[in-house]
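Visitor: Starting off with a structure, shown below.
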Amino acid sequence: MATDVSDEDAEAAMRQFAEITGTDEILGQTILQDVNWSLDRALEVFYGGNVRNDEDGSIQVVTPPPPAVEQSQADSPNTPEDMTGFEISLLSWNIDGLDGNSLATRMLAVYKIVSRISADFVFLQEVVERDIDKLLKLKNSYNMYFSNRSSMYFTAILVSNAFSVRNHDVIHYQNSGMDRTLQLIEGTLGPFQVFLLNTHLESMAEHSDKRRQQLEQCMNKIASISNEHPNALIFFGGDLNVRDRELPGLPKGFADAWIAAGQPKSEEYTWDTRTNTNKQSFHTARCRFDRIFYKAQPLNKVSFALEGKQLIRTSLCYASDHWAIHSTFSV
């Protein structure tokens, strides 16, 4: 990614992007940084490649015809036995709502990044009521479920409109001094039964024992679900605050998404104060606090990437002190 673009050129590109798309400069920055500040390429990303440069230099958006659907596909819904082409994506992110610094700007950036990635499911941790209106705009694309909004901070699970929710449950950890919970949603995506479990475990090294107990409770829960629903797809994750030495063995059939994706070193540390400068008091901390575990079969192909690494130029901070995890699972 190019880093030598001048501030003047970057700001001009962000303004042009916002004017053409009718959005704003934060979304423009999010996309432009990923395409080396090329306005044409950023517009192609935003419009799905349907952009034409006319001879007079103007930029036109081309609306493609609706895709043709073969009758055999339309009349034959997928079955669990035939998962050819099936893909499911999950984003998990501690958005650091407890830090009031530049909160409105950061929550707007979170909204833009989540919208751009457009995962099927989103796990959020450390959500707060202040400036939650930025996140609530995601209701245009997702159904949103919160753990305990009466608390000072809480978790949220966002599910795409294609997902049918059957049950939403919140389990309060009895040993938590931080009002931490395990949030669980059961539903269906097409013919597939899906369980989503999002959590934020006890923080800080001195609470290792509590965290271990909470994590063991989570592992027992997903094992129980797997035993009762052997054909279901199960995803568990969030900000576990976990150190490797605290990890219990995974239940049979489950895998760590980062490990399954080949343990890419560049995507290892989700809380990395060497590169993320939001928390100035931590200078050398590099931890894999945020994790996603999933039932490995039949999902045998996994991609794993960290998101939210764009510096917000207007406030010189990142959207959160954590990087977001984005994983895609397919057959």
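None of the figures in this text is laboratory data; all of them are computed from the coordinates on show. Quick caveat: nothing in here was measured; it's all calculated off a predicted structure. Don't worry about glycine lacking a Cβ; one is built from the backbone with ideal geometry, like all the others, and counts go over all protein chains shown.
Visitor: Can you work out the FRET efficiency for the pair ASN231 and ALA12, with r the C-beta to C-beta distance and R0 = 35 Å, to the nearest 0.05?
Guide: The pair ASN231/ALA12 has a calculated efficiency of 0.05.
Visitor: Assuming R0 = 35 Å, can you tell me the calculated FRET efficiency for the pair ASN101 and GLN193, based on Cβ-Cβ distance, to the nearest 0.05?
Guide: Working from the Cβ atoms, E equals 0.25.
Visitor: Another one. Rounded to the nearest 0.05, what FRET efficiency do LEU250 and MET178 have when you use their Cβ-Cβ distance and R0 = 25 Å?
Guide: In this case the efficiency is close to 0.50.
Visitor: While we're on this one: In Å³ and rounded to a whole number, note down the convex hull volume per residue for the Cα atoms of the chain.
Guide: Roughly 153 Å³ of hull volume per residue.
Visitor: Right, here's the next one. Given H placed 1.01 Å from N in the peptide plane, which residues other than close sequence neighbours of SER102 have an amide H under 5 Å from its amide H?
Guide: none
Visitor: ASN167 versus ARG41, label points 7 Å from Cα toward the beta carbon: distance in nm?
Guide: Output for this residue pair reads 4.8 nm.
Visitor: Could I ask something else about it? Please report how far the C-alpha centroid of the range 230-275 lies from that of the range 24-43, rounded to the nearest whole angstrom.
Guide: So the two Cα centres are separated by 30 Å.
Visitor: So if I place +1 on the C-beta of Lys and Arg and -1 on the C-beta of Asp and Glu, and nothing else carries charge, what would the dipole magnitude of the chain be about its Cα centre? I want it in debye, nearest 20.
Guide: For the chain, the charge dipole is close to 1100 debye.
Visitor: Order by neighbour count: SER102, SER281, SER164, fewest other Cβ atoms within 10 Å first, most last. Kindly include the intermediate steps, with their values, before the conclusion.
Guide: Values: SER102 18, SER281 6, SER164 12.
Ascending number of Cβ neighbours within 10 Å: SER281, SER164, SER102.
Visitor: Right, here's the next one. For the range 101-124 and the range 143-190, compute the distance between their C-alpha centroids and round to whole Å.
Guide: If you average the Cα positions of each part, the centres end up 17 Å apart.
Visitor: Here's a follow-up. Using Cβ contacts closer than 10 Å as the measure, can you line up ASP321, ASP96, ASP40, ASP169 from fewest to most? Display every interim value, and only then the final one.
Guide: Numbers: ASP321 22, ASP96 25, ASP40 10, ASP169 13.
Listed from fewest to most nearby Cβ atoms, that is ASP40, ASP169, ASP321, ASP96.
Visitor: Taking a 24 Å limit on the Cα-Cα distance, which of the listed pairs LYS210/LYS301; LYS265/LYS309; LYS137/LYS210; LYS279/LYS309 fall beyond it?
Guide: Flagged as over cut-off: LYS210/LYS301; LYS137/LYS210.
Visitor: Ok, one more. Please state the relative contact order of the chain as a whole percent: Cα pairs under 8 Å, 6+ residues apart?
Guide: Working: 612 pairs, mean separation 51.5, N = 331.
Here the relative contact order equals 16 percent.
Visitor: Can you give the relative contact order of the range 204-331 as a percent, counting alpha carbon pairs under 8 Å and 6+ residues apart?
Guide: 25
Visitor: While we're looking at this one, here's another question. Can you list residues whose amide H is under 5 Å from ASN148's amide H, if they're 5+ apart or on another chain and H is modeled 1.01 Å from N?
Guide: For ASN148, the qualifying residues are THR155.
Visitor: What nm value, rounded to one decimal, do you get for the distance between SER160 and ASP24 when each label is placed 7 Å out toward the C-beta?
Guide: So the label points at SER160 and ASP24 sit 2.6 nm apart.
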